[in-house]
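Let me begin by presenting the structure, written as structure tokens, before commenting on it.
Readers should treat all values here as calculations from the given coordinates under stated rules, not as data from a laboratory. Small disclaimer: the values here were computed from a predicted structure and weren't measured. Here Cβ is always computed from backbone atoms with ideal geometry, including for glycine, and neighbour counts include all displayed protein chains.
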Amino acid sequence: MAKKGLGVYLVFTDIDPRYEEEFNAWYNTEHLPELLALPGFLDAARYVASKGGPKYLALYELESPAALQTPEFQRWRANPSPWSRRISPTAIGQNVARVLGEQIFPATVEHPDRGMAPALQIGRMSVPEAAEAEWNTWYNTEYIPGYRQVPGVLYARRYRVVQGETRYLTLYEFEHERVSESEAWHHQRQTSSPRSGRMRDLMTHAPGSPGVYRRIFPA
């Protein structure tokens, strides 16, 4: 059964410590399982930030972004459970950032049966519209391919943001949360392309980006 598709849905949350215990119990035992039961939701996991932020991340793998437009999803969203009405981030007034992305790199789904990575690095960025064509060509052909060869990098994907505060999302899947501190990672950053410095200067990142996240559920 496929666990990866051409869409991702990320929910970033900062939670007041007063609510964390119940928030985590609600998310793990009710909220995430409810979403995984809906059409188009393939897999999911929760993460906590070890670098950057916001603190908590729920990552949902989707067949496509259209999973958030199904009648089943709309009914679920319109009818929250009593527990959701009490402890969801919106209900308790917490900071939430939601990102819905459509995959643009690679062109197809690779190894669709793979599970959720132990760690992630996520970049949420925008670039000026006039530079997008060159920037995307550089990112897809000169920049990200080298990172996919760094030891500890399991996969790397790019998304055009369909809903969210930035235009693009980069999602690295790691064996562990310190991969981007390695010598091989830094070597790739320094030698990826003669254009890399100029292209990186064009990017505007969302607060907390890039963030590194460690999986907390399932453990």
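Per-residue extension of 0.36 nm, minus the Cα-Cα distance of SER64 and VAL162, leaves a gain of 34.2 nm for this segment. Taking packing as the residue-averaged number of other Cβ atoms within 10 angstrom, the listed peptides 180-190, 26-36, 77-87 run from highest to lowest as 26-36, 180-190, 77-87.
Please state the shape class of the stretch 128-176: rounded when a/c is under 1.5, otherwise prolate if a/b exceeds b/c and oblate if not, all from the C-alpha gyration tensor. The shape class here is oblate. Taking amide H as placed 1.01 Å from N in the peptide plane, ASP43 has its amide H under 5 Å from the amide H of GLU61, each at least 5 places away in sequence or on another chain.
Working note: Karplus 6.51/-1.76/1.60 with θ = phi - 60° gives the stretch 210-219 the couplings x, x, 10, 10, 10, 5, 10, 8, x, 5 Hz, where Gly and Pro are set to x.
Each residue, ALA2 and ALA91, gets one label point 7 Å from its Cα in the Cβ direction; the gap between the two is 3.4 nm. At full extension, ASP16 and ALA131 could sit 37.5 nm farther apart than now, given 0.36 nm per residue minus the alpha carbon distance. As an exercise, find the ratio Rg/Rh for the chain from alpha-carbon atoms, using the Kirkwood inverse-distance average for Rh. When Rh is taken as the Kirkwood radius, the ratio is 0.96.
Distance from the alpha carbon centroid of the stretch 61-139 to that of the stretch 3-23 works out to 11 angstrom. For the stretch 12-53, just say rounded, prolate or oblate: build the C-alpha gyration tensor, square-root its eigenvalues into a ≥ b ≥ c, call rounded for a/c under 1.5, and beyond that prolate if a/b exceeds b/c, oblate if not. The shape class here is oblate. 3J(HN,Hα) along the stretch 129-138, derived from phi through the Karplus expression 6.51 cos²θ - 1.76 cosθ + 1.60 where θ = phi - 60°, amounts to 4, 5, 9, 4, 4, 5, 4, 5, 4, 4 Hz, with x in place of Gly and Pro. The H on the amide N of LEU6, modeled in the peptide plane, is under 5 Å from the matching H of SER64, each at least 5 residues off or on a different chain. Cβ-Cβ distance of THR108 and THR29, R₀ of 30 Å, FRET efficiency by 1/(1 + (r/R0)^6): the value works out to about 0.30. Along the stretch 151-165 the Karplus relation, 6.51 cos²θ - 1.76 cosθ + 1.60 evaluated at θ = phi - 60°, assigns HN-Hα couplings of x, x, 8, 7, 7, 8, 9, 10, 9, 8, 6, 8, 9, x, 7 Hz to successive residues, with x for each Gly and Pro. Sorting TYR168, TYR155 by the number of Cβ atoms found within 10 Å of their own Cβ, with the fewest placed first, yields TYR155, TYR168.
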